[in-house]
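One structure is given here, and the rest of the page talks about it.
The values are calculated or read from the model by the stated rules, or taken from the named source; none is laboratory data. Fair warning: this is a prediction, and the values are worked out from it, not measured in the lab. Every residue, glycine as well, gets a Cβ built from its backbone with ideal geometry; the counts of neighbours run over all protein chains shown. The accessibility values were calculated without ligands, DNA or RNA, using every heavy atom of the protein model including side chains. Shrake-Rupley method; radii C 1.70, N 1.55, O 1.52, S 1.80 Å.
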Protein chains: 4
Amino acid sequence: MADTASVPAGPAPRRLVPRLPADYTAEAARRRMAFLRDVTGASPQHIGRYSFDPAVLAGNIENFVGVAQVPIGIAGPLLIDGEYARGTFYVPLATTEGTLVASYNRGMKLLYAAGGVRTTVTADVMQRAPAFGFDSARGARAFGEWVTAHFADIKREAEASTHTGRLHDIEQFPASRFLFLRFNFTTGDAAGQNLTGKATRRACQWIQAHYAGIRQFYLEANLATDKKSSHLNILRTRGKRVTAEATIPADLARQVMHVTPGEMFRGRQVSNLGGLMAGVNNNGNHSANAIAALFAATGQDIANVAESSAALVHAELLDDGSYYYSITIPALIVATYGGGTGLPTQRECLELLGCYGAGQVRKLAEIVAATVLCGEVSLGAAVITDEWVAAHERLGRNRP
Amino acid sequence: MADTASVPAGPAPRRLVPRLPADYTAEAARRRMAFLRDVTGASPQHIGRYSFDPAVLAGNIENFVGVAQVPIGIAGPLLIDGEYARGTFYVPLATTEGTLVASYNRGMKLLYAAGGVRTTVTADVMQRAPAFGFDSARGARAFGEWVTAHFADIKREAEASTHTGRLHDIEQFPASRFLFLRFNFTTGDAAGQNLTGKATRRACQWIQAHYAGIRQFYLEANLATDKKSSHLNILRTRGKRVTAEATIPADLARQVMHVTPGEMFRGRQVSNLGGLMAGVNNNGNHSANAIAALFAATGQDIANVAESSAALVHAELLDDGSYYYSITIPALIVATYGGGTGLPTQRECLELLGCYGAGQVRKLAEIVAATVLCGEVSLGAAVITDEWVAAHERLGRNRP
Amino acid sequence: MADTASVPAGPAPRRLVPRLPADYTAEAARRRMAFLRDVTGASPQHIGRYSFDPAVLAGNIENFVGVAQVPIGIAGPLLIDGEYARGTFYVPLATTEGTLVASYNRGMKLLYAAGGVRTTVTADVMQRAPAFGFDSARGARAFGEWVTAHFADIKREAEASTHTGRLHDIEQFPASRFLFLRFNFTTGDAAGQNLTGKATRRACQWIQAHYAGIRQFYLEANLATDKKSSHLNILRTRGKRVTAEATIPADLARQVMHVTPGEMFRGRQVSNLGGLMAGVNNNGNHSANAIAALFAATGQDIANVAESSAALVHAELLDDGSYYYSITIPALIVATYGGGTGLPTQRECLELLGCYGAGQVRKLAEIVAATVLCGEVSLGAAVITDEWVAAHERLGRNRP
Amino acid sequence: MADTASVPAGPAPRRLVPRLPADYTAEAARRRMAFLRDVTGASPQHIGRYSFDPAVLAGNIENFVGVAQVPIGIAGPLLIDGEYARGTFYVPLATTEGTLVASYNRGMKLLYAAGGVRTTVTADVMQRAPAFGFDSARGARAFGEWVTAHFADIKREAEASTHTGRLHDIEQFPASRFLFLRFNFTTGDAAGQNLTGKATRRACQWIQAHYAGIRQFYLEANLATDKKSSHLNILRTRGKRVTAEATIPADLARQVMHVTPGEMFRGRQVSNLGGLMAGVNNNGNHSANAIAALFAATGQDIANVAESSAALVHAELLDDGSYYYSITIPALIVATYGGGTGLPTQRECLELLGCYGAGQVRKLAEIVAATVLCGEVSLGAAVITDEWVAAHERLGRNRP
């Protein structure tokens, strides 16, 4: 920016957001709110009305001032034939998009009648992907051989910093005079980004102490693609890789959705073509809707919608006229421990799903995927029958 | 699913979530909560503690039961040299990821001292992209010529259903025996997905009434890529295309970030390489963090993090040793009207930014982009200096 | 490369390939061949045996020494129902991959019986895409407005350097403080890369003389994506966008290919899924085979296989049991004028197709696409019936 | 195609290309040429003038009628500091694009003076990727576990059909109710597509005989992405992954290229930005030019330009003002044995490079990559200095 003269003079002096020695307190939040009123002229009445002691927020937020109250609607019953989630569920969806809950509800009704959604977690792995630079490509290759030979040492170091993380393997990606290492961990019920970051860093410190000739080192250089969608993670999984599938009899489709499987399948082919041409990271309809709503409700990191919204849809029109429909979410990042999962409303939403506490994370992944599938079928049908806009007119007229 | 025998028998009968004639009421919410307690055994204490009359929620949610209380932290002052956002801002970020607010705050401190963030909206357009099928590719091509010749009629029909939407142009994408039309609208202060859906549908009904030989029609077939990231939208914009840029003097970088511009730039090159190899939709660091936190706070559709998280970063090491850094967000979907923007806490967060009401949407887009840039610089520096993991250890130790 | 000590000492002095004042002569070629024998110790017997006067090569090669003799096989008759190519064709394919001609031949037999291949050119446009840099994103945006306002002037300048090129439009792609302009030309029967380069350069010189504030200018910066595949060109066409389509009756499929349309379609779904996951630029089977073989035979630029090999396949299983199959090639770069098209064997191959001379380029594009489609169907069927490996064993056992 | 009435009536009867019992003979070729003259009216004089006995073509072509004579120019000396290619090389480039040889020559001159090109093969692997379908995703996952447990058996079967192929590992990619297996082989001096096809088929026959419940099987379903570019192969290598790198002193750049490293590097940043926005599979300049020209000259499969043209460029401006430039080709498919490598002119071109016969394939890969790098630098500089169009005007005026 050449002509910095045009930059408005900053208020002098720069007024800092107040912080208190006991900062995770209602008093600190009030002080910050008063400050905001003063500097902005606004008078928020609702943000400050939360129902818990701010002490619970240490580790989850800084400069706490209040809460966003995001409305939760309940969709269900959702019938799941999972390996971890089995039976019926009532799904809390936090959203402000009218029609969303109704649409998922409609899909749940259909798939309940069809015998439920089968869910399967096929991979479970979280990464950190440091980059190491050398004098030449040969230097990078030699380092890769050394890493392979010293995997046991590296694994020992990585796991020394964590109770639950286990280093499964290290993938190598050479480019130019760099070697990118993709550390693949299992992380228990945590999403695991912090855990893998800490463990990988420790492993890398050991590597740096034991291998000469590393010219550059970055704990992250856009190969793990945290908070970004990437083809690498579509191929190789980040978080949970989970498939939801169902078979819909023709008569049910007609009765509930006013559409035949043949019509749905024909539309799917065109969606595949459009998506291929557009260069999508998801040939389905709108998995991000369920994912974002469940993430906001259950204390997941909603920024992970970025990578979790990738999907692979595959459908088949079966010989008996029924419709097989599946969605595979290759990078679903969920936790039932750590992050925001222990906060008051977030924990309660997990409890509604029977997913709070130890050993629940795959159950949650299955519930997310099953919910997603219901919405895929519902929106897919609504586009075919041209009910889509009408539904939004009826349920989504939310102008103030 | 062949062996449906393994599907657990659904509870008989299927128990429906209660709905009342007056459904947007505290009573209806309580009834649903009681139902949830009954069917799940859980006893939520916090979800039901919202501070507003549920009557405000009509058009935003169905089956309302309560709220997710997502903590909001304040980052700032953020100094912006925008065309709509000018001066200092205190940014409400709704998140449960410890460190996030602190990291953005650190970037804001640096860029304040550097003279602020310059922001520019370079495109503003929202789409719906219907697909039309014909007997042959020639049929599709002939239809395209007809559409071009009848643009004025189509525009008139499209705009007849909306006060604020204006049809700017229709792009054509032929493939196989289909023609995909991308209707590009400006949509005022609304994000505009509903508006464009309704207007495009009306235009398409007119088209179908006036053009013979359309064999298939879908109002959407994965070319607009709502709630999905796509290369098309990176190229051609969905929502706002906004660039934030700043120039950081070398001494400031060292003082605030403990890093030189040269070191940051060198790391950026490796991130570009890693991202290219990984196939990312964003060669930056973590724009989704700011976007998701601002979306949740201000009543945006958080599912749009899927497409809004794409980004193009470009940096330059200048001759005087300072660091030019820019991020372009090609598909930022924001609103200051409609959707969730009018709900109580959401509206208040918009008011804190001076963004509630008419004519504010580009200001909000600029604030989002400026916030994003601060976080890019902060995390980028923390990776270089290896302070990243330590910061999360200090601020993000959030295991229950 | 730090330790340059390990670089082998170059021969001293550096021995240059001989050049003569009359360099496009047999004598010059012989001198170079003698030089090669001397410096390499090899004794080529066949390279030097070409059938034409090297004088014809001026403008096509430097340091000419002889020819690669690439064997040509004939596939056909290929029945085309095009707008430019109509009737039967015998297609010269230059390849060294055994089975290739036979496989295309088999597809041609099937589609001949099915009534031929319908071909349609739906777009025709060649680009150069210069990048302009400014002080800020706002500078880039202002420049874009100026370009729009001065399109007539720019068009006049661009077209002043060419007889056949016509500037159709200029697309704008802003990113950071740059504006990329995509100049779209029609180029007659030439492929047009040189023509558009020259015309765009002239237009840009005019722009630079008339617009102040351009800090950086590049005639090309990876947005036209010459010799590279890109999503932009899949979306917006480079060269010819051409669709080939056919409908195959069930009994013919069984008789000629030993497969039913249902089996082929079912396999296609899995190929779509695999391709989506792999991140292909082509969900078809092997269009590059026909394209490379036709390019080598007819004097096209074979490096353009890079972008011409992108494709969009769409198939449908029709109600009567027949199989609709189409392939759309979005960036097919062909010429019947200029480049290598006038060289002796290359021109003859064009003449075999009735494509040499003025006004033939779309005919050639249609022939390429029709040939491609025959190979798609043939290989697709061979994978289903597991005849693929056996065919290569029979026809492709080419170890020396 | 609905109105088949518009298809031109095919000639009755269909006239077949003649085949003889002794088909790889000059007589058979003449008979086919006579047939072509008859059906097309053309009179080719040059196609039929080849210098070898057609008997050598068995396994390389069907319906042989003659040859494409593609002119070969010599670029060099190219100085390579490889692990297999060491010293100076004179590179035969078969092309019809004027300027191409001259441009590579210019780059070779520069990098010779700079101490040569360092080349490194960092991976070497060829694939076939069959897809297996099951009743459900769980069925696919169970199969994957079985494959892992039976790797030794599968390897034994795969290797039983080949002398040189070795199965290194099998990667698994689950999606929907399918499991895609990526069989990674080393294939000696052959490119290996046929070898891996045959070996994988044999392994899959063993698998099918020993594992119950496979509902669908395809030896290929777009995951190996033969003859197509894919992100999978950019990440995980197909053929050779090879890096070429060089460091160019500032004075040399100015002297030979009339450009400073700083100017080149600045331009590279814009090319990275443009390529990222365009969605390229190659952020470099034009690697396909060298690859196609070397492939045509040395009997490689030119259709493999499709995947071989992907590339990752990484450059650095060093503290001493010199310019480090590297290109990594992640899917370079080359052979020095089998395919077209044994044909007369093709073998001679390999011999010119000292690459014919056993144990030469990595040497050839290094020569290709080193040649590519020279062209990257040359064209990159020509764009900066605006000499690019002028060079084509001088050397590429090839209109007839």
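Given contacts defined as C-alpha pairs under 8 Å and at least six residues apart, what's the relative contact order of the range C:40-184, whole-number percent?
18 percent
Rounded to the nearest 100 Å², what is the sum over both chains of accessible area buried where B meets D, with a probe of 1.4 Å?
The contact between D and B buries close to 1800 Å².
For every other residue with a beta carbon closer than 11 angstrom to the beta carbon of A:Gly375, add +1 if it is Lys or Arg and -1 if Asp or Glu, then tell me the sum.
+1
Taking a label point 7 Å out from Cα toward Cβ, give me the nm distances from B:Glu171 to the same spot in the other copies, shortest first, one decimal.
0.6, 3.1, 3.1
Just from its helices, what would the mean residue ellipticity at 222 nm be for the protein assembly as shown, if runs of 4 or more DSSP H residues each count -39500 (n - 2.57) and the sum is divided by every residue, rounded to the nearest 500 deg cm²/dmol?
That comes out to -12000 deg cm²/dmol.
Using protein chains only and a probe of 1.4 angstrom, how many square angstrom of C:Leu276 are accessible, to the nearest 10?
40 Å²
Holding the Cα-Cα limit at 20 Å, pick out from D:Lys155/D:Lys227; B:Lys155/C:Lys240; A:Lys240/D:Lys240; A:Lys227/B:Lys227 the pairs that are longer than that.
Flagged as over cut-off: D:Lys155/D:Lys227; B:Lys155/C:Lys240; A:Lys240/D:Lys240.
Relative contact order of chain D: what whole-number percent is it, with Cα pairs under 8 angstrom and at least 6 residues apart?
Answer for chain D is 19 percent.
Name the residues of the range A:161-189 whose accessible area, probed at 1.4 Å, falls by at least 20 Å² once all protein chains are in place instead of their chain on its own?
A:Phe173, A:Pro174, A:Ala175, A:Ser176, A:Arg177, A:Phe178, A:Phe180
May I ask for the net charge around C:Ala113, where only other residues with Cβ less than 13 Å from the Cβ of C:Ala113 are counted and Lys, Arg are +1 while Asp, Glu are -1?
For residues surrounding C:Ala113, the net value is +3.
Label position 7 Å from Cα toward Cβ: report the copy-to-copy distances for C:Ala55 in nm, one decimal, ordered from shortest.
3.9, 9.6, 9.9
To the nearest 0.05, how large is the calculated FRET efficiency for B:His210 and C:Gln255 if R₀ is 41 Å and r is the Cβ-Cβ distance?
It comes to 0.40.
Just to be sure I understand: with springs between alpha-carbon atoms less than 10 Å apart, which residue in D:Gly267, D:Gly213, D:Gly380 has the highest mean-square fluctuation in the Gaussian network model of chain D?
D:Gly213
Share of the range A:157-308's accessible area from carbon and sulfur, percent, 1.4 Å?
Reported share for carbon and sulfur atoms: 49 percent.
Probe radius 1.4 Å, ligands and nucleic acids left out: which of C:His168, A:His150, D:His286 has the largest accessible area, and how do the rest follow?
Ranked from most to least accessible, the order is C:His168, A:His150, D:His286.
Using protein chains only and a probe of 1.4 angstrom, how many square angstrom of C:Tyr337 are accessible, to the nearest 10?
For C:Tyr337, the solvent-accessible surface is approximately 100 Å².
Select from D:Asn285, D:Ile207, D:Gly165 the residue farthest towards the positive end of the dipole of the range D:157-291; place +1 on Cβ of Lys and Arg, -1 on Cβ of Asp and Glu, and compute about the Cα centre.
After comparing all options, I get D:Ile207.
Using the beta-carbon distance between D:Val56 and C:Glu27 and R0 = 22 Å, what value does 1/(1 + (r/R0)^6) give for FRET efficiency, to the nearest 0.05?
For D:Val56 and C:Glu27, the calculated efficiency is 0.15.
Counting only DSSP beta bridges with both residues in the protein assembly as shown, tell me the antiparallel percent, nearest 5.
Close to 95 percent.
Pop out the carbon and sulfur fraction of the accessible area of the range D:1-151 as a percent, whole number, probe 1.4 Å.
So the carbon and sulfur contribution to the accessible surface is 54 percent.
Got a number for the accessible area of A:Met264? Probe 1.4 Å, square angstrom, nearest 10.
20 Å²
To the nearest 20 Debye, how big is the dipole of the protein assembly as shown about its Cα centre, given +1 on the beta carbon of each Lys and Arg and -1 on that of each Asp and Glu?
Dipole magnitude for the protein assembly as shown comes out near 0 debye.
Taking only C-alpha pairs under 8 Å that are 6+ residues apart, what is the relative contact order of the range C:159-314 in percent?
17 percent
With a/c under 1.5 counting as rounded, go ahead and sort chain A into rounded, prolate or oblate using the C-alpha gyration tensor (a ≥ b ≥ c being the square roots of the eigenvalues; past the cut-off, prolate if a/b is larger than b/c, else oblate).
Oblate, because a/c is 1.5 or more while a/b does not exceed b/c.
Quick check for you: with a 1.4 Å probe and neighbouring chains kept, what is the accessible area per residue of the protein assembly as shown, in Å²?
Using a 1.4 Å probe on heavy atoms only, each residue of the protein assembly as shown averages 28 Å².
Quick check: with the 1.4 Å probe, what order do C:Glu393, C:Glu307, D:Glu83 take by accessible area, largest first?
D:Glu83, C:Glu393, C:Glu307
Along Cα-to-Cβ, 7 Å out, sits the label point; list in nm, shortest first, how far the one on C:Ala142 is from those in the other copies.
Here the equivalent label points are 5.0, 5.4, 6.9 nm apart from this one.
For B:Thr187, what charge total do you get from the other residues with a beta carbon under 10 Å from its beta carbon, if Lys and Arg give +1 and Asp and Glu give -1?
-1
When chain A is turned about an axis onto chain C, which of its residues keeps its C-beta closest to that axis, and how many Å is it?
Here the nearest residue and distance are A:Asn272, 3.
Using only atoms on other chains, find how many Cβ atoms lie within 10 Å of each Cβ of peptide D:130-138 and report the average.
6
For chain A, with only Lys/Arg (+1) and Asp/Glu (-1) charged at the beta-carbon, what is the dipole magnitude about the Cα centre, in debye rounded to 20?
1040 debye
Let me know the mean shielding of D:34-42 by other chains, meaning the per-residue number of their Cβ atoms within 10 Å of its Cβ.
4
When DSSP beta bridges are limited to those with both residues in the range A:27-160, what percentage is antiparallel, rounded to the nearest 5?
DSSP beta bridges in the range A:27-160 are roughly 80 percent antiparallel.
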